[in-house]
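Contents: one structure, followed by commentary.
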Amino acid sequence: MSEEVLCIENLHVSVDGIEIIKGLNLVINKGEVHAIMGRNGAGKSTLANVIMGHPAYEITSGTIHYLGRALEEFEVFERARAGMFLSFQYPVVIPGVQVGTFLRKSVKAVRGDDSLSPRQFRAELREKMSLLEMDRSFLGRYVNDGFSGGEKKRLEILQMLLLQPKLALLDETDSGLDIDALRVIADGINSVTTDAGCLVITHYQRLLNHVQPDFVHVMIDGKIVKTGGSELAGKLEEKGYEWLETAA
Amino acid sequence: MAEENAQNAIVDYQFGFHDPETATIRFDSGLSEKVVRDISELKGEPEWMTEIRIKAFHRFEQMPMPKWGSDILEQIDFDSIIYFLRSSEKTEKNWDDVPKDIRNTFERLGIPEAEQKWLGGVTAQYESEAVYHSIREDLEAQGVIFLDMDSGLKQYPEIVKKYFCSVVPYSDNKFAALNTAVWSGGSFLYIPKGVHVEMPVQAYFRINAKNMGQFERTLIIADEGAKINYVEGCTAPTYSTDSLHSAVVELIALEGSTIRYSTIQNWSANVYNLVTKRGVAHANSTIEWVDGNIGSKLTMKYPAILLRGEGAHAEVISVAYAGKGQHQDTGAKVHHLAPNTTSNILSKSISKHGGRSSYRGLLQVTPKADQCRSKIVCDALILDPESRSDTYPTMEIGNSTADIEHEASVSKVSGDQLFYLMSRGHTETEAMGLIVNGFFEPFTRELPMEYAVELNRLLELEMEGSIG
Ligand SMILES: Nc1ncnc2c1ncn2[C@@H]1O[C@H](COP(=O)(O)OP(=O)(O)OP(=O)(O)O)[C@@H](O)[C@H]1O
Ligand SMILES: [Mg+2]
């Protein structure tokens, strides 16, 4: 029996009175990797943000269930503590807050107060940073402050590894990465996929060469218009979105 | 909702407890020439000090209230203030000899513990006078003098006479005049030539009685090439009536010396905190004011540095936190009076729940002061629409070779920052606490570690109930 992590039914979402997501259905089970592809402005980030609970987006109809429970009643931090993780398309700068402090506090918040001794935390941190080929000096810098695009994405994935999610929402985590970084980050993602459901938003097949998707969905104008296997990504890369337009 | 939370925040002020009032000498409230004379006589002071006090008192009576600052000033009722209160007969060298209630208070404030771990010396003032004082023997052996100001005057009258009022004349402002008239307690610190004091020395000021006026006077002299790191903290019980804290601090940094003076002001919300702090920096010396204002009803404080000698350097790093009913009117004044002098001013303020913070700054470069450099950065963070932040910078640049930079910013906490932090498992309050601590980080990193941790904890407490 597959274990359902996320179930979205007939979801409609508006921001400032404008409908962005227009009847979307999606089921993600534990261990599955779902890729979502689609043009700029199709509503991909909106979907990820809405699942995480961003207050700017209003669910006008439809439901989202996470681990069998209706999501509306949960605040953002509760979703995080229940194992939901969003890797942001545009991670924000938190001036003056050191990465090391931030990671320690976040792990404590999500995994619980006494899940890790300071020593265990340091050991785990060291191990995961070396997996992501991140220098220790990052720990003393301020969160995302002056980080290059690729460095920001590495920090997102480091957080994902430390927070051990049950649902990972990865919004264009591959954008702006060089070839080596792509491989490193893909390794990071692959290390959580057996225990988690995974939603990977991307524009490029190249990430999907490293992170094997079980399903590829095409999103156009706030709806999933086509779902296929990993071969669909290649087809999109080759033919673009136009041939699907009529289906929308 | 916001109202209620703010009330809680005030009730939550963790240093608001008070001891039973036990006084060995307690003046009636109100101020007169007789009160001034009585204080001086009680302390057995030399004639010249009595005279300065009397002159300062008359000056205080004549001077109008400052026109700038805050309307709240007009609410001060000088007649209801108690100008002298002695709560212990002696300044003790051993905590065990300090009266029990008072000792308990300082233990709750963590002073004896901090002293053992990381301080070179401690003065603990309770109401008008020091109840405890000590300095590490190795510092004493190097000739460092660290005393409460009353003992300083008794034991080193010549040094005190030479420098008292030399940096802050009593006519400087109404509250400097008041302090000079009725001063009691404070620190006297002298560091001999070339001596570097690595461990910070600390003064802690505690008001306990209702309607108390605390008027400590501090004088620090760093002789040539000397180095000192002085820290002070202060708290008071929460009462419904007001108390007044009006201190004067004078620093003298002789050639090549360094004085760092750090303050964490955390008075309860019924204390007026009107303080004059000023230092003179001689050639190639450095004066640093590290000034944190978290508490009080109204604070007016603008640490100043006179760069009198060539190559002298001034550093003022300050943070202010203005919550409900609070006005933090703070800033910095730097006077470049000699060539090749440099200054850095960094001011950060947070306003919340209708609180008000103002930056009031003066930068002066005199015609003689060639090739000076100064950088001023003022950042304000406003947490809700009811709160307020203003900047009043004044520049008097009399020399065209001066290199001056000035940046100011006002920002709000962004929804995206909160969402990002909350998506990492932090509640809105915790997220706000992280952002606020981060905003103050350039200040906190300058503090001794123990203080930084304490300050962050304080701010996190302040953030509780900040979401309305
Ligand atoms: N907070 C917001 N306020 C106003 N409009 C918004 C907001 N968020 C999203 N939108 C609009 O919703 C539409 C979908 O945006 P979204 O960010 O979800 O697209 P996307 O599919 O992630 O695009 P991209 O590939 O460029 O990242 C866009 O037209 C965008 O301008
Ligand atoms: Mg997007």
Evaluate the charge dipole of region A:102-248 about its Cα centre and quote only its size in Debye, nearest 20, assuming +1 on the Cβ of each Lys and Arg and -1 on the Cβ of each Asp and Glu. 680
Between A:I220 and residues 5 or more places away or on another chain, the pairs with built amide H atoms under 5 Å apart involve A:V225
Out of all DSSP beta bridges in chain B, what portion is antiparallel? Express it as a percent rounded to 5. 10
Would you work out the charge dipole size for chain B about its Cα centre, treating the Cβ of every Lys and Arg as +1 and the Cβ of every Asp and Glu as -1, and quote it to the nearest 20 debye? 820
Only bridges with both residues in the protein assembly as shown count here: give the DSSP antiparallel percent, nearest 5. 20
Under a straight-distance cross-link criterion of Cα-Cα below 14 Å, which aspartates and glutamates are reachable from B:K301, leaving out those fewer than 8 residues away in the same chain? B:D172, B:E250, B:D291, B:D329
Which distance in Å, rounded to a whole number, links the C-alpha centroids of region A:30-100 and region B:322-365? 41
Which of B:F60, A:L158, B:A281, positive extreme of dipole for the protein assembly as shown (C-beta unit charges): B:A281
Along the dipole axis of region A:154-248 (charges at Cβ: +1 for Lys and Arg, -1 for Asp and Glu; origin at the Cα centre), the most positive-end residue among A:V218, A:G176, A:L236 is A:V218
For chain B the translational diffusion coefficient, Stokes-Einstein from a Kirkwood Rh over Cα pairs at 20 °C and viscosity 1.002 mPa s, in µm²/s, is roughly 95
Going by how many other Cβ atoms sit within 10 Å of their own, how do B:I145, A:I21, B:I111, B:I305 line up, fewest first? B:I145, B:I111, A:I21, B:I305
Going by the alpha-carbon gyration tensor, a ≥ b ≥ c the square roots of its eigenvalues, is region B:413-468 rounded (a/c under 1.5) or, if a/c is not under 1.5, prolate (a/b greater than b/c) versus oblate? prolate
Assuming a ≥ b ≥ c are the square roots of the Cα gyration tensor eigenvalues, decide whether region A:94-142 counts as rounded (a/c under 1.5), prolate (otherwise, with a/b larger than b/c) or oblate. oblate
Does region B:106-232 classify as rounded, prolate or oblate by the C-alpha gyration tensor (a ≥ b ≥ c root eigenvalues; a/c under 1.5 gives rounded; else a/b over b/c gives prolate, otherwise oblate)? oblate
Are there DSSP H segments in chain B that both extend 15 Å or more along their axis (alpha-carbon positions) and score a mean Kyte-Doolittle hydropathy of at least 0.0? List them, or say none. B:428-444, B:449-463
Starting from the amide H of B:I25, placed 1.01 Å from N in the peptide plane, find each other amide H under 5 Å away whose residue is 5 or more places distant or on another chain. B:R86
Within chain B, excluding any GluC sites (Glu not before Pro) found in a DSSP loop (not H, G, I, E or B) and having at most 13 other Cβ atoms within 10 Å, the longest uninterrupted segment runs B:199-468
Could you give the nm distance between label points at A:D113 and B:A23, where each point is 7 Å from its Cα heading toward the beta carbon? 4.4
Expected vector for region B:338-346, Karplus 3J(HN,Hα) from phi with 6.51, -1.76, 1.60 and θ = phi - 60°, integer Hz, x for Gly and Pro, equals 9, x, 6, 8, 10, 8, 10, 10, 10
Filter the cross-link list B:K193/B:K368; A:K108/B:K324; B:K67/B:K333; B:K324/B:K412; B:K210/B:K297; B:K67/B:K352 down to pairs whose alpha-carbon distance in this structure exceeds 20 Å. B:K193/B:K368; A:K108/B:K324; B:K67/B:K352
Footprinting exposure proxy for B:T24, A:T60, B:T286 (fewest neighbouring C-beta atoms within 10 Å first): B:T24, A:T60, B:T286
Which value in deg cm²/dmol, rounded to the nearest 500, describes the helix-derived mean residue ellipticity at 222 nm for chain A, given -39,500 (n - 2.57) per DSSP H run of n ≥ 4 and division by the residue count? -10500 deg cm²/dmol
Residues with amide H under 5 Å from that of B:D370, placed H, sequence gap 5 or more: B:N340
Dipole magnitude of the protein assembly as shown about its Cα centre (Cβ charges: Lys, Arg +1; Asp, Glu -1), debye to nearest 20: 720
FRET efficiency, B:D101 to B:T429 (Cβ-Cβ, R0 51 Å, nearest 0.05): 0.90
Fewest to most neighbouring Cβ within 10 Å: what's the order for B:K193, B:K324? B:K193, B:K324
B:Q75 versus A:E73, label points 7 Å from Cα toward the beta carbon: distance in nm? 4.5
For chain A, percent of DSSP beta bridges that are antiparallel (nearest 5) comes out at 60
Residue-wise HN-Hα coupling along region B:366-382, computed from phi with Karplus coefficients 6.51, -1.76, 1.60 (Hz; x: Gly, Pro): 7, x, 6, 8, 6, 6, 8, 10, 8, 10, 10, 10, 10, 10, 10, 10, 10
Taking the Cβ of B:E310 as the centre, find all other residues whose Cβ is under 15 Å away and add up their charges (Lys, Arg: +1; Asp, Glu: -1). 0
Name the residue farthest towards the positive end of the dipole of the protein assembly as shown from the options A:A48, B:S80, B:H313, assuming +1 on Cβ of Lys and Arg, -1 on Cβ of Asp and Glu, about the Cα centre. B:H313
What FRET efficiency comes out for B:E396 versus B:H58 if R0 is 35 angstrom and r is the Cβ-Cβ distance? Round to the nearest 0.05. 0.70
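Here, each number is a calculation from the coordinates, and none is a lab measurement. Quick caveat: nothing in here was measured; it's all calculated off a predicted structure. Here Cβ is always computed from backbone atoms with ideal geometry, including for glycine, and neighbour counts include all displayed protein chains.
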